[in-house]
Amino acid sequence: MSDAPKSKTDRILSVTATITAIASLTLAVWQGMENRRHNRLTIRPKLIMLGQRATSDREVGLVLLNKGTGPAVIKSATVWVDKEKLGFSRQGWIKTLQRLKTIDQPWVHYGAVEVLQAGESRPILWVDQSEWKTLSEEHRRQFIEAVRHIKVDIVYESIYNEPDQTRFDGTVGW
């Protein structure tokens, strides 16, 4: 190894190599940020709650659907009956059904959801279609009218902790 002074060409090559390394690092960081942003946009849940009627569906009532491309993590949910705030838990649904005077009906079912995968749907307040077919017109009307009095607010997040919310406002097209 010689201690000879570096030539002008060696200096230019050193500076060029350093600039290329910095540019490569900058590009890699930028590409990683863009990839993360793309994933956040691509893997995003979209919850919809709707009233489902007896056609070819298994349940009649309120159904929560994830129409997005990623899983939804339910953070909180609130049920309102005629402007009275009730919970989304088992106890909250019992209070809701008591308030609507349908608690004594064994054909009414309810449930809560914590995570909903992309493309998945789950009933929230429902009557099985097999039971629906056996109900009298009065009981069917009673259930539909009860659903119209319910409002549900659901706050959920994507796997990237991005918050969103959906609302069912009692509107059913039956």
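A few comments on the model shown:
- Residue that is surrounded by the most Cβ atoms within 10 Å (Cβ to Cβ) [pool: residues in segment 45-61 that are farther than 21 Å from Tyr110 by Cβ and at pLDDT below 90]: Thr55
- The set of residues from segment 28-61 being in a helix (DSSP H, G or I) and in contact (Cβ under 8 Å) with a residue 24 or more places away in the chain comprises Asn39, Arg40, Thr42.
- Taking each residue of segment 82-97 that is more than 16 Å from Val113 (Cβ to Cβ) and touching a residue at least 40 places away in the same chain (Cβ under 8 Å) and looking for partners that are charged (D, E, K, R) and in a helix (DSSP H, G or I) with beta-carbon atoms closer than 8 Å, six or more apart or interchain, yields Asp82/Arg99.
- For segment 62-79, the criterion of being closer than 23 Å to Val108 by Cα, in contact (Cβ under 8 Å) with a residue 40 or more places away in the chain and part of a loop (DSSP other than H, G, I, E, B) is met by none of the residues.
- Selected residue (only one of Val81, Val113 is over 30 Å from Leu41 (Cβ atoms), surrounded by 17 or more Cβ atoms within 10 Å (Cβ to Cβ) and modelled with pLDDT under 90): Val81
- Residues (in a strand (DSSP E or B), of a type in the set (Val, Ile, Thr) and within 20 Å of Arg140 (Cα to Cα)) located in segment 80-116: Val81
- Filter result for Arg40 (within 22 Å of Asp169 (Cα to Cα), at pLDDT below 80 and not polar (S, T, N, Q)): no
The values are calculated or read from the model by the stated rules, or taken from the named source; none is laboratory data. Note that this is a predicted model, so its numbers are computed, not measured. Don't worry about glycine lacking a Cβ; one is built from the backbone with ideal geometry, like all the others, and counts go over all protein chains shown.
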